[in-house]
Structures are given as structure tokens and as C-alpha cells.
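The block underneath contains the structure these notes are about, expressed in C-alpha cells.
The values are calculated or read from the model by the stated rules, or taken from the named source; none is laboratory data. None of these values were measured; they are calculated from a predicted model. Every residue, glycine as well, gets a Cβ built from its backbone with ideal geometry; the counts of neighbours run over all protein chains shown. The area values use the complete protein model at the heavy-atom level, side chains included, leaving out ligands, DNA and RNA. Shrake-Rupley method; radii C 1.70, N 1.55, O 1.52, S 1.80 Å.
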Amino acid sequence: MRVLLIGAGGVGTAFTRIAARRDFFERMIVADYDESRAVSAVETLAMAGEGARPDGRFAAARVDASDEAAVTALLERERCDVLVNATDPRFVMPLYRAALAAGAHYLDMAMSLSRPHPERPYEECGVKLGDEQFALADEWEKSGRIALVGMGVEPGLSDVFARYAADELFDTIEEVGIRDGANLTVEGYDFAPSFSIWTTIEECLNPPVIYEKGRGWFTTPPFSEPEVFEFPEGIGPVECVNVEHEEVLLIPRWVKADRVTFKYGLGEDFINTLKVLHQVGLDRTDPVTVRSSDGPVQVSPRDVVAAGLPDPARLGDRMRGKTCAGTWVKGTKDGKPREVYLYHVVDNEWSMKEYGSQAVVWQTAVNPVVALELVADGSWTGKGVLGPEAFAPKPFLDLLTAYGSPWGLRED
């Protein structure tokens, strides 16, 4: 398998360090708009630790993720079998179309962007996450290639958990609820997101989506329905709120459930900061004109916020604690009520020691590597636009454990 990885930020770099320990691919081109980041990702593969084999399989390149023609040309020139998208969601569609044009498989960790309903944003869906991708489902089906969408940790592993619960643990499912929480702290910063602030603003300030059988998808106000959820392995209770996320749009397509939700443990301070950013317009993506020493320039307010905050990929040495991604499922088995929480916990101290990557980006990156290996060895096959829950879950969970990162199940 020949891989084109686009995006050499925190997740992309962690992806290379995890993949360097595996032998399912023969070549990986690491590409970024900033070629120095791609070069750095390749050159620092020594940090991948014991078992890494940076044996000439990796190379760096420059490409603009928004330039569909350039990405297609790079795929064709390098004879790549798959494009892995490790950029932010703004670039999903050009990369998605480039892979289709080049006859390559496609894998991403976040889906095409949503747009709120113009009149009833907190009641009805407008353009949903992934709608633009699913609109091309027929073309992907005809291509015979897989477009594996939402294959990170959340979405991604959380969706695999949902399918596993449906296949192995339940006869009927009342609710699938993704619950994400952490006890991570960052020394020296009052506000330092552990993941891309651009993506965090997008998913936290957009209207959250809920799915209910008989009603379909609908929206609520941001940060609605707070609940305290008890997270495992010492993380403890964290208040979680509704947030827009891909699982709610993916799981109902392949898993029978009466209700699907996503709730994120953000914390009061984090929520208040996001609200202030929204109130003063700093969450906007449309450019505004500002003065500079070289005359008026146009900048996106959200990009300014991102530029003013520390790079999440470089916070690992200052971070302490654990992050947990998981899927809570309520339903029945053999006529009796049942509740379980399937989860995956990563300790930042462990991920930094083993891979030189902080916990949140490492946890996001390990799952697409596992999925790619399953596609490469033929364990996961198919064609068209598919979510993680479209595939058999047990090979994935077994291989994730073999990677040295086991998952857990708590019976509630």
C-alpha cells in the first residue's frame, strides 16, 4: 500500500510515528502546505520509539490541501492507493474529490462541514455534517473504492464501539451516547485547548444534532442537556453537554438505536471562553479587513484566535492527566435491561514517553492507522462512502489491542 498523508500537524505527526512501527505499507508521502512541517514529521521519526522502521518508506512534500488538481496530481505521481486526510474540516471536500479523481481510497477523521438552518438553527438541521460527502456516494460506489469517513477516535473508535455493542452486547438499543471526558491540565496556561481550536470552535458553537427514531435528526442550542458522567481509570465525574459531532450523523445509518447523542466534557471555564469568542465575533471564518504596516489585509477572526494560542501538538511536555473517549449504550439483552460504557483511555505521560505525542492527538491518530492496516490486509472491504460502523468491529478492536492500546468495558 502506498499512502499520501496530508497534514503534518499534531495528528499527522503522531500518525507517522504510529505507522512507522508497522509493515502494512511500502511508501508514505507526508505532505503539508508548510513543507517544513512535513520534513520535520519525517525527520523526527526516531521519536517513534522501539520498533519504528523509518527505512526510506517516508518522504516529505509540499501541497496546498485546497488545490484539488495539485493533490490529484500528487496522488497520481506517487501512485498512491489511499489519501489520508489529517487536516481540519475546511479541506475535506477538495481532498475527498481529489482522491476520487485519482482512483484512490480516502480516509478522514472529521467530515465535511455543516451549515445551520437559516430560520430555525436550534430546532432543525440545515446542511448536516457529511452531507456533501454522502452526496457523492454513487460516484464512490461506481469507483469501487472506499471513502472511509469519520475514522479518528471520535468519530471513529466510538462508532466501532457502537457497532460492537449492537452485534455482541444488546438485542435492542434505547440510546447510544458518545461521552468524552478528561482530567488533562496544561501547566502555565489559563486557556490552552488540547486539540485544534479551529475544529473545537466549529463543533462546540454549532447547533448540536440529536437523532431519535421516528423523528430523525434535529438540533438543540449549544451546551444543552448538561449531565455529570463518571469516567473510568481515575478521571472521575465530569459535566458533559451536547456538542455537534459526526457520530450522531453516522451511527443511525448502520446501527439500530432509538436515540443517538454526543456529549463532551468541556468544563464551565472552557464553555464561557467559547461563548465570549462567539459574542465578540472571533469564532467567524469569513475574512474581515484589518490595518497593518503594509496596508489593509483580510484575515479570518478564527484564524487569528488559532494563531494566538499555543500549538496543541507542542503542549505534551506541559500536559498531565488522561483523556477518555467512549460509547455509553443502554438497551436490553435477553429480555433484561443493560447499560455499558465501552471506552479507551490514554495517559499523556505514557503517550509522550512511548511516541513523543500528547495524549489527545495520539488517541486520534492511532485509530486511522489501525483502520488502514485492516483495509490493506483485506479484513475490511467494501466500496462507496462508509462510516466505521459499516465494518466488522472485532478485527479493529483486536488490532487496537495488539498495537499496545487496549480498550475497556464497564457494566453500569
Checklist entry - Using θ = phi - 60° and the Karplus curve 6.51 cos²θ - 1.76 cosθ + 1.60, what whole-Hz ³J(HN,Hα) does each residue of region 283-300 get, with Gly and Pro shown as x? => result 8, 5, 9, 5, x, 10, 8, 10, 7, 8, 5, 9, x, x, 9, 9, 9, 8
Next on the checklist: Only sites in a loop by DSSP and with at most 14 other Cβ atoms within 10 Å count here; which GluC sites (Glu not before Pro) in region 12-115 make the cut?
Outcome noted: GLU26, GLU50
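How large, in percent, is the carbon and sulfur part of the accessible surface of the chain at a probe radius of 1.4 Å?
Values: 7990 of 17140 Å².
With neighbouring chains kept in place, the figure for the chain is 47 percent.
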Item to check | Dipole in debye (nearest 20) - region 56-157, about Cα centre, beta carbon charges: Lys, Arg +1; Asp, Glu -1 | outcome: 360 debye
Item to check | Assigned charges on the beta-carbon of Lys, Arg, Asp, Glu; region 164-297 dipole about Cα centre (debye) | outcome: 540 debye
Checklist outcome for this item: In whole µm²/s, the translational diffusion coefficient that Stokes-Einstein assigns to the chain, given a Kirkwood hydrodynamic radius over C-alpha pairs, 4 °C and 1.567 mPa s, equals 60 µm²/s
Checklist outcome for this item: Expressed per residue, the solvent accessible area of region 209-366 in Å² (1.4 Å probe) is about 48 Å²
Item to check | Rg and Dmax [Cα atoms of region 41-164; Å; Rg one decimal, Dmax integer] | outcome: 17.0, 56
Item to check | Cβ-placed point charges (K, R +1; D, E -1), dipole of the chain about Cα centre in debye, nearest 20 | outcome: 560 debye
Checklist entry - So what does THR285 come to for accessible area, using a 1.4 Å probe and Å² rounded to 10? => result 60 Å²
Checklist entry - Normalised by the residues of the chain, what does the relative contact order come to in percent, with Cα pairs under 8 Å and at least six apart? => result 20 percent
Checklist outcome for this item: Those trypsin sites (Lys or Arg not before Pro) from region 69-158 that are DSSP loop and have at most 11 other Cβ neighbours within 10 Å turn out to be ARG79
Checklist outcome for this item: Once all protein chains are kept in place, ASP412 shows an accessible area at probe 1.4 Å, nearest 10 Å², of 90 Å²
Next on the checklist: List residues of region 166-207, by number, whose backbone nitrogen lies under 17 Å from a label position 7 Å along Cα→C-beta of ASN272.
Outcome noted: 189-193
Next on the checklist: Full-extension gain between GLU26 and HIS117, please, as 0.36 nm times their residue separation minus the C-alpha to C-alpha distance.
Outcome noted: 28.2 nm
Checklist entry - Debye sum, Cα scatterers, region 172-271, no solvent: what log₁₀ I/I(0) at q = 0.10, 0.11, 0.18, 0.22 1/Å? => result -0.30, -0.36, -0.89, -1.20
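Ordering GLU373, GLU139 by accessible area with a probe of 1.4 Å, largest first, what comes out? Mind showing how you got there, number by number?
Values: GLU373 20, GLU139 100 Å².
I get GLU139, GLU373, largest accessible area first.
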Item to check | Max mean-square fluctuation residue, GNM over the chain, Cα-Cα springs under 10 Å, options THR87, THR289, THR364 | outcome: THR289
Checklist entry - Residues with amide H under 5 Å of PHE231's amide H, sequence separation 5 or more or different chain, H placed in the peptide plane at 1.01 Å from N; which? => result GLY236, VAL238
Checklist entry - Equivalent-ellipsoid semi-axes (√(5λ), Cα gyration tensor) for region 287-357, whole Å, largest first? => result 44, 22, 7
Next on the checklist: Cα atoms only: what Rg and Dmax, in Å, come out for region 233-342?
Outcome noted: 20.3, 71
Item to check | From phi via Karplus (6.51, -1.76, 1.60), per-residue ³J(HN,Hα) for region 17-28 in Hz, x at Gly/Pro | outcome: 5, 6, 5, 4, 8, 10, 10, 7, 10, 9, 8, 9
Checklist entry - Using θ = phi - 60° and the Karplus form 6.51 cos²θ - 1.76 cosθ + 1.60, what ³J(HN,Hα) does each residue of region 108-123 get, whole Hz, x for Gly and Pro? => result 9, 10, 8, 9, 4, 5, 8, 9, x, 4, x, 10, 10, x, 9, 9
Next on the checklist: Taking the alpha-carbon distance from LYS353 and a cut-off under 29 Å, which lysines remain once sequence neighbours fewer than 8 residues away in the same chain are dropped?
Outcome noted: LYS322, LYS394
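When only DSSP loop residues count, what trypsin sites (Lys or Arg not before Pro) in region 165-267 have their Cβ near at most 13 other Cβ atoms within 10 Å?
Values: sites: ARG179, LYS213, ARG215, ARG253, LYS256, ARG259, LYS263; in loops: LYS213, ARG215, LYS256.
Here the trypsin sites (Lys or Arg not before Pro) that fit, given the DSSP loop and packing criteria, are LYS213, ARG215, LYS256.
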Item to check | Listed residues GLU203, GLU268 arranged by accessible area, highest first, probe 1.4 Å | outcome: GLU268, GLU203
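I'm checking a number: the convex hull volume of the Cα atoms of region 149-215, normalised per residue, in Å³. What is it? Walk me through the intermediate numbers first.
On the way: hull volume 9.5 nm³, N = 67.
Cα convex hull per residue, to the nearest whole number: 142 Å³.
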Item to check | Net +/- balance of residues flanking ILE173 in space, Cβ distance below 13 Å, scoring K and R +1, D and E -1 | outcome: -2
Item to check | Net charge of Cβ neighbours under 12 Å - reference LEU274; Lys, Arg +1; Asp, Glu -1 | outcome: -3
Checklist entry - If the cut-off is a Cα-Cα distance under 26 Å, which lysines reach LYS213, setting aside same-chain residues fewer than 8 apart in sequence? => result LYS128, LYS256, LYS263, LYS330, LYS333, LYS336
Checklist outcome for this item: In whole angstrom, the spacing between the Cα centers of region 53-124 and region 259-322 equals 23 Å
Item to check | Extent along principal axes [Cα atoms of region 1-113; Å; largest to smallest] | outcome: 37, 24, 22
